[in-house]
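Student: Before anything else, here's the structure in question.
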Amino acid sequence: MAKITITFPDNSQQEFEAGVTPLEIAKSISNRLAKQAVAAKFNDTVISLTQPLTESGTLQILTFKDKEGRDVFWHSSAHLMAQAIKRLFPEAKLGIGPSIEDGFYYDIDLDRPITPEDFPAIEAEMAKIVDENLPIERKELSFEEAVEFFKKIHEDLKVELIREINNRDEKLSAYSQGEFTDLCRGPHVPSTGYLGKHFKLLSVAGAYWHGDEKNKMLQRIYATNYPDKKQLKAHLFRIEEAKRRDHRKLGRELDLFSIQDEIGSGLILWHPKGSLIRHIIETYMKDELLRNGYQLVTTPHIAKFQLWEISGHANFYRENMFGTMVVDDVEYQLKPMNCPFHMMIYKSKIRSYRDLPLRFAELGTVYRYERSGVLHGLMRVRGFTQDDAHIFCHPDQLRGEIMRVLDLNAKVLGKFGFDEYEVYLSTRPEKFVGDVESWDHATNALREALEEKGMAYEIDPGEGVFYGPKIDIKIKDVLGRRWQCSTIQVDFNLPERFDLNFVDKDGQNYRPIVIHRALLGSIERFFGILIEHYAGNFPLWLAPTQVMILPIADRHFEFADKVTDQLRDAGLRVESDKRNEKIGFKIREAEVQKIPYMLIIGDKELESGQVSVRHKGEGDLGSMAVDQFRDRLLEEIKQDK
């Protein structure tokens, strides 16, 4: 029988008979690996453990520890849940059921509402299907066969999905387990027994079909599944902790921001405390930008629609733009991006190679039409401010500028308490502008900069934007959740569209390369992440009120005012609670408002000229002189910087 050579992740090689499956190979390595395996990656393609291998190649056995392994495990779990729902509610029709960050969901069309009271019955049926250990088998269907099959079983939404496929000659795949069949690309675990019983249905929410509010509202059931009870328990703890940290809840409680129907969905009202934190963030960012050779620019909120035709947004981004307005018979557009304005500033005069690099930065507010179904507090809004910058550079400067951005990015994220992140390098997609040589130059510059900085990264093949490759950085918060914030994108498109040039040493005109970069991303979204990361307990330098002075009685007000003035003169943010309330109540109120320091002033303090200090989370720190307390805070703030 023919032999094939399998190369493993450690570059070791072994021969096997053609037709061997990844599961058989896993068993030959160790029984433990075989038990933990959920899928495999062969020549960079994720496949089922039972797929025969007929050619030589590289093989990685995937477990739940691998991202691709988790995706397969959770996607198979979504099918498991859908099968259980169909058994309990045969009239239910299925939408889509993908894996997501920490589990999976399935969209269900069912006339009766599914409620949390139904969850135990669904989970019990899922456990029964696991015990049945049904083989999960793949079959290929032609377009006509797929339509006929899913029509026959009355899965109207599946038929609609099939009919949306452009290539009618493309073979479609479906996966069956027992009586249940679902349209799916796969792959999946070999059988339902692989999925265990450590699953939990979490919530149900409304979701428009295709995310379009003009379509029918479906029921989206969220759930998760883990290989063991310990991991499930840890996940459920994270969910409860995330609820406690929800920025929408804390935003109300701490009086930071609001979203009001009278104003409009996805439009933020920044209250005084939230606006103060925003001011602190923006001031820090501007100071850092100026220190790093950026020039601050400011651009209008609207422009002639013609500008967006030049930039290309009118064609490829129109669905995310608000409608135009007509002024003096001319169409104007609320800006969805700052980029075209920065291009025009560059173009406003002749540029020499001696001028490069030019770094234009703007905290510019943009407006994008987001469907109402995806709006979510500060995380997904319709009006937001980007910490946007465009770097115009000579091709020879590209790598160096990328490294500068990476350095600044690490400093800024570290300032806000984020030192763990995942980095992705996205390469050329199928449809792109520019020439392959320029793409390779830009991609290599991004790769070399990451490697020189010693930053681990993953390749995201074909996921670059059409105008150039990019680096995406996802920060990890205190709960281990990943948030996309920073991005560094190389652009060949806008310099061409706006006919940007610089005069090089030879006296000839050449195109500059543009780097789009955002460090925090959206200020609104980043603020929401900060609220949840710190659970509202902002570090001292960010806290809107750093010190609350609590005089016990009216006779202590004069000394309290003197202390307030002394601390404010030092640049500290201080408030005084002079309400006619008991001191215990005032302390609890200050703690609820998550104010870092409290100074209690009573007769003893009046006599000694000192203050009694309490720190949130530490309690009573004893008495100290006002100067001593002031210096303590200033040093703490200095350490934060």
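Any read-out appearing in this document is the output of simple, stated calculations on the displayed coordinates, not a laboratory observation. Predicted, not measured: the structure shown is a model, and the values here were computed from it. Using ideal geometry, Cβ is built from the backbone for each residue, glycine included, and neighbour counts are taken over all protein chains shown.
Student: So what's segment 69-240 giving for Cα Rg divided by 2.2 N^0.38 Å, two decimals? Could the numbers behind the result be given before it?
Tutor: Values: Rg = 15.7 Å, N = 172, 2.2 N^0.38 = 15.6 Å.
Here the Cα radius of gyration is 1.01 times the empirical estimate.
Student: In addition: Using 0.36 nm per residue of separation minus the Cα-Cα distance, give me the extension gain between ILE29 and ARG238 in nm, one decimal. Display every interim value, and only then the final one.
Tutor: Working: separation 209, 0.36 × 209 = 75.24 nm, distance 3.49 nm.
Roughly 71.8 nm would be gained on extension.
Student: What 222 nm value per residue comes from the helices of the chain, counting each DSSP H run with n ≥ 4 as -39,500 (n - 2.57) and dividing by all residues, nearest 500 deg cm²/dmol? It would help to have the intermediate numbers written out before the result.
Tutor: Values: 20 runs with 228 residues, N = 641.
About -11000 deg cm²/dmol.
Student: Say the cut-off is 30 Å between C-alpha atoms; which of LYS152/LYS200; LYS27/LYS229; LYS151/LYS431 go over it? The partial results should precede the final answer.
Tutor: Values: LYS152/LYS200 32 Å; LYS27/LYS229 25 Å; LYS151/LYS431 35 Å.
Beyond 30 Å between Cα atoms: LYS152/LYS200; LYS151/LYS431.
Student: In nm, to one decimal, how far is the GLU91 label point from the GLU618 one, both placed 7 Å along Cα→Cβ?
Tutor: Taking the two extended label points, one gets 6.4 nm.
Student: Does segment 352-456 come out rounded, prolate or oblate, given a ≥ b ≥ c as the square roots of the eigenvalues of its C-alpha gyration tensor, rounded meaning a/c under 1.5 and, failing that, prolate meaning a/b above b/c? Walk me through the numbers before you get to the answer.
Tutor: On the way: a/c = 1.57, a/b = 1.42, b/c = 1.10.
It is prolate, given that a/c is not under 1.5 and a/b is the larger ratio.
Student: Take the Cβ-Cβ distance between ASN215 and LYS604 as r, set R0 to 60 Å, and report the resulting FRET efficiency rounded to the nearest 0.05.
Tutor: Once the sixth-power term is evaluated, E becomes 0.30.
Student: Hey, which lysines would be in cross-link range of LYS578, C-alpha to C-alpha under 17 Å, not counting anything within fewer than 8 residues on its own chain?
Tutor: Output for LYS578: LYS562, LYS586.
Student: Can you give me the P(r) profile for segment 547-640? Cα pairs, bins 5 angstrom wide beginning at 0, each as a whole percent.
Tutor: 3, 14, 27, 28, 20, 7, 2, 0
Student: List the relative contact order of the chain as a percent without decimals, with contacts defined as Cα pairs under 8 Å and 6+ residues apart. Working shown, then result.
Tutor: Details: 1161 pairs, mean separation 54.3, N = 641.
Normalised by residue count, the contact order of the chain is 8 percent.
Student: Please tell me the relative contact order of segment 69-240 in percent, rounded to the nearest whole number, where contacts are Cα pairs under 8 Å and at least six residues apart. Display every interim value, and only then the final one.
Tutor: Working: 290 pairs, mean separation 46.0, N = 172.
Worked out over segment 69-240, it gives 27 percent.
Student: PRE reach from ASP561 (point 7 Å along Cα→Cβ): which of segment 571-611 fall under 15 Å by backbone N?
Tutor: Only 576-579 fall inside the zone, counting backbone N under 15 Å.
Student: Still on this structure: LYS415: which lysines have alpha carbons under 18 Å from its alpha carbon, excluding same-chain residues fewer than 8 sequence positions away?
Tutor: LYS286, LYS474, LYS476, LYS638, LYS641
Student: Would you mind ranking HIS342, HIS279 so that the residue whose beta carbon has the fewest other beta carbons within 10 Å leads the list? Could the numbers behind the result be given before it?
Tutor: Numbers: HIS342 26, HIS279 12.
In increasing order of surrounding Cβ atoms, one gets HIS279, HIS342.
Student: State, to one decimal in nm, how far the label point of ALA553 lies from the label point of ARG138, with both points 7 Å from Cα in the Cβ direction.
Tutor: Taking the two extended label points, one gets 8.2 nm.
Student: Something else now. Sketch the reach of a paramagnetic label on HIS301 as a point 7 Å from Cα along Cα-to-Cβ, and name the residues of segment 358-373 whose backbone nitrogen lies under 19 Å away.
Tutor: 362-370
Student: Restricting things to alpha carbons, tell me how big segment 3-63 is in terms of Rg and Dmax, in Å.
Tutor: 10.1, 27
Student: Express in nm, to one decimal, how much length is gained between THR283 and SER348 on full extension, taking 0.36 nm for each residue of separation and deducting their alpha carbon distance. Spell out each step's value before the answer.
Tutor: Details: separation 65, 0.36 × 65 = 23.40 nm, distance 2.77 nm.
Contour length minus Cα-Cα distance gives 20.6 nm.
Student: A further question on this structure: What order do you get for ASP554, ASP491 when you list them from fewest to most C-beta neighbours inside 10 Å? Could the numbers behind the result be given before it?
Tutor: On the way: ASP554 9, ASP491 26.
By the 10 Å Cβ count, ascending, the order reads ASP554, ASP491.
Student: Rule-of-thumb check for the chain: C-alpha Rg over 2.2 N^0.38 Å?
Tutor: Numbers: Rg = 29.2 Å, N = 641, 2.2 N^0.38 = 25.6 Å.
Rounded to two decimals, the normalised Rg is 1.14.
Student: On to the next question. Work out how much length ASP499 to ALA2 would gain on full extension: take 0.36 nm times their residue separation and subtract the Cα-Cα distance, in nm to one decimal.
Tutor: Numbers: separation 497, 0.36 × 497 = 178.92 nm, distance 5.88 nm.
Stretched fully, the ASP499-ALA2 segment lengthens by 173.0 nm.
Student: So how far apart, in nm, are the two label points at LYS476 and ILE459 if each is 7 Å from Cα heading toward Cβ?
Tutor: It works out to 2.4 nm between the two label points.
Student: Give me the lysines in straight-line cross-link reach of LYS158: C-alpha distance below 21 Å, same-chain residues under 8 apart excluded.
Tutor: LYS86, LYS93, LYS139, LYS171, LYS214, LYS216
Student: Could you rank the peptides 95-103, 438-446, 466-474 by their average count of other C-beta atoms within 10 Å per residue, with the highest value first? All intermediate terms of the calculation are to be shown ahead of the outcome.
Tutor: Working: 95-103: 17.6, 438-446: 19.6, 466-474: 22.2.
Per-residue mean Cβ counts within 10 Å order the peptides as 466-474, 438-446, 95-103.
Student: Just the number, please: Stokes-Einstein D of segment 243-374 in µm²/s, Kirkwood Rh from C-alpha pairs, 37 °C, 0.692 mPa s.
Tutor: Details: Rh = 17.8 Å.
Using the Kirkwood radius from Cα pairs, D works out to 185 µm²/s.
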